[in-house]
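Visitor: Provided herewith is a single structure, encoded as structure tokens, for subsequent inquiry.
The values are calculated or read from the model by the stated rules, or taken from the named source; none is laboratory data. Everything numeric in this text was worked out from a predicted model, so none of it was measured. Every residue, glycine among them, receives a Cβ derived from its backbone with ideal geometry; neighbour counts consider all protein chains shown. Each accessible area value is taken on the protein alone, full model and side chains, heavy atoms only, with ligands, DNA and RNA left out. Shrake-Rupley method; radii C 1.70, N 1.55, O 1.52, S 1.80 Å.
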Amino acid sequence: MRSQTSGRGFDIVNMVLLGIVVVVCLAPFLHILAISLSSSRPVLSGEVSLLPVELNWGAYRQVFSDLSMIRSLGFTVLLTVMHTVMCMLMTVAAGYPLTQKKLKGRKLIMFLIVVTMFFSGGIIPEYILVRSLHLIDTMWALILPGLINPFYLIILISFFNNIPDSLEESAELDGSSHFRTLISIILPLSMPVIATLSLFYAVGRWNGFTDTLLYITSPELYPMQLKLYQLIQNNMVSDLMQMEGAMVNPMQPESLKAASVIFATVPILLVYPWLQRYFVNGVMIGAVKG
């Protein structure tokens, strides 16, 4: 009886602590959402906290009327999808051979991969490299330099190593090639870690800002984060929104910024529920054993 009581108390404490964490995490998002849905007067007077005051959809009407914002969203989606697919192809292509004990120099290659997690050339050498490859002001400057994340590669290798060797040996006895074994056996069993790493790559690219600021100058290649940077840096509505033929009532810049932030955040949030069932399993199994 005493153990059951202590167990209930432990569960209650956990629920309370988790509830506090959830509130702390959601509060900034709810505050931005409330500002985006409030009219100018309460925003200027600082009355808005977690709930909208004087509900007003004008900021969202302006955002959706701005064709440059819609174009930026479409380009960011395309960029994120291409980046994620190519990153996973390269990560799998690098990770699977490094699980083969017959590969000569495997330990040296792993050592070099780990070294890159702690040492890098820096921003200037990377910029010189991208410029020398004539990638400046192209979408490839946002894709190619970060195709393989060493940490994600190590997680994938750890997951592959947890797959029983007997499966590969059976496939080899049946005459299966390494490529066929990878496609037919290894990848179907690795869906949790593949989905998890895909989410990591997608979120990293969606939120990427530094490389876009360095490499992109053409407005048609502005991802959402660079677009938001421009919105936040400007204080005038005329500078914030470059309307293309649409006539709208001017909104308070803070409401407009908040609506733009929500506009850029919601799409990537919608991806998580589709991958949630793989998330915990992919991270824990891939990271616990080496």
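Visitor: Scan the stretch 96-136 for residues that are in a loop (DSSP other than H, G, I, E, B) and within 12 Å of ASP211 (Cβ to Cβ) and report the count.
Guide: Looking only at that region, the number is 2.
Visitor: Looking only at the stretch 144-174, count how many residues are within 21 Å of the chain's Cα centre (by Cα) and open to solvent by 60 Å² or more (accessible area, probe 1.4 Å).
Guide: Number satisfying all stated conditions: 4.
Visitor: Determine which single condition SER49 fails, assuming it passes every other condition in (1) in contact with a helix residue (DSSP H, G or I) (Cβ under 7 Å, 6 or more places away or on another chain); (2) free of Cβ contacts under 8 Å to residues at least 40 places away in the same chain; (3) assigned to a helix (DSSP H, G or I); (4) among the small types (Gly, Ala, Ser).
Guide: In the conditions (1) in contact with a helix residue (DSSP H, G or I) (Cβ under 7 Å, 6 or more places away or on another chain); (2) free of Cβ contacts under 8 Å to residues at least 40 places away in the same chain; (3) assigned to a helix (DSSP H, G or I); (4) among the small types (Gly, Ala, Ser), SER49 misses (3) alone.
Visitor: From THR80, THR99, which residue is under 29 Å from VAL266 (Cα atoms) and surrounded by 15 or more Cβ atoms within 10 Å (Cβ to Cβ)?
Guide: THR80
Visitor: Can you pull out every residue in the stretch 124-169 that is within 14 Å of MET90 (Cβ to Cβ) and touching an Asp or Glu at 6+ places or on another chain (Cβ under 9 Å)?
Guide: Residues satisfying the conditions are PRO145, GLY146.
Visitor: Would a scan of the stretch 40-61 turn up a residue that is over 28 Å from the mean Cα position of the chain (by Cα), farther than 30 Å from PRO150 by Cα and of a type in the set (Ser, Thr, Tyr)?
Guide: Yes, the stretch 40-61 contains at least one residue that is over 28 Å from the mean Cα position of the chain (by Cα), farther than 30 Å from PRO150 by Cα and of a type in the set (Ser, Thr, Tyr).
Visitor: Kindly indicate whether ILE70 is surrounded by 12 or more Cβ atoms within 10 Å (Cβ to Cβ) and either closer than 19 Å to ILE143 by Cα or touching a residue at least 12 places away in the same chain (Cβ under 8 Å) (or both).
Guide: Considered against the rule, which asks whether it is surrounded by 12 or more Cβ atoms within 10 Å (Cβ to Cβ) and either closer than 19 Å to ILE143 by Cα or touching a residue at least 12 places away in the same chain (Cβ under 8 Å) (or both), ILE70 comes out as no.
Visitor: Scan the stretch 175-206 for residues that are closer than 30 Å to LEU226 by Cβ and open to solvent by less than 50 Å² (accessible area, probe 1.4 Å) and report the count.
Guide: Of the residues in that region, 11 qualify.
Visitor: Mind listing whichever residues of the stretch 76-109 are in contact (Cβ under 8 Å) with a residue 40 or more places away in the chain, over 17 Å from GLU168 (Cβ atoms) and among the small types (Gly, Ala, Ser)?
Guide: ALA94, the sole residue that qualifies.
Visitor: Continuing with this model, one more query. Only one residue in ALA195, ALA171 is small (Gly, Ala, Ser) and either at pLDDT 85 or above or under 29 Å from ILE136 (Cβ atoms) (or both), so which one is that?
Guide: Residue meeting the stated conditions: ALA195.
Visitor: I've got another one for you. Could you tell me which of the residues ILE148, ILE194 is in contact (Cβ under 8 Å) with a residue 40 or more places away in the chain and not in a helix (DSSP H, G or I)?
Guide: Criteria check complete, one pass: ILE148.
Visitor: For the stretch 121-154, name all the residues that are small (Gly, Ala, Ser) and farther than 22 Å from VAL203 by Cα.
Guide: Residues satisfying the conditions are GLY121, GLY122, SER132.
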